[in-house]
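The values are calculated or read from the model by the stated rules, or taken from the named source; none is laboratory data. Given the structure is predicted, the values throughout are model-derived calculations rather than measurements. With ideal geometry, Cβ positions are generated from the backbone for all residues, glycine too; neighbour counts draw on all protein chains shown.
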Amino acid sequence: MISAPTILPAASGPSSTKRSLFVQEITRLRLAEAKRMLLETDLKTMAIAVKCGFRGARHLNMTFQRHEHMAPSVYRRRRLPREQDGARR
């Protein structure tokens, strides 16, 4: 007779906290790089998302919105001085 697999409870305690802090730090680093790329390149959001380790543009948009309270495109528009708009690489 084949028994059903045992479902383990969700991790809790110190190792779970370390994992959570690790994920938060990775997200912080990814967003910092995405913000840099938004201001220093003219790459589309999808390209930036992939280069920064997000699953796609939607994942970047949702994460960016949650942390910065605005979409990446709005961040780019608000942060770039008008005279440098065409000078991005």
Among the residues of region 40-81, which ones are polar (S, T, N, Q) and under 19 Å from Glu25 (Cβ atoms)? Thr63
Quick check: is even one residue across region 57-69 part of a loop (DSSP other than H, G, I, E, B) and at pLDDT 95 or above? yes
What number of residues in region 21-34 are surrounded by 14 or more Cβ atoms within 10 Å (Cβ to Cβ) and modelled with pLDDT under 95? 0
Go through the residues of region 35-54 one by one and say whether even a single one is touching a residue at least 40 places away in the same chain (Cβ under 8 Å), surrounded by 15 or more Cβ atoms within 10 Å (Cβ to Cβ) and in a helix (DSSP H, G or I). yes
Note down all Cβ pairs under 6 Å where the first residue falls in region 12-33 and is within 24 Å of Ile48 (Cα to Cα), the second is modelled with pLDDT of 95 or more and in a helix (DSSP H, G or I), and they're at least six residues apart or on different chains. Leu31/His67
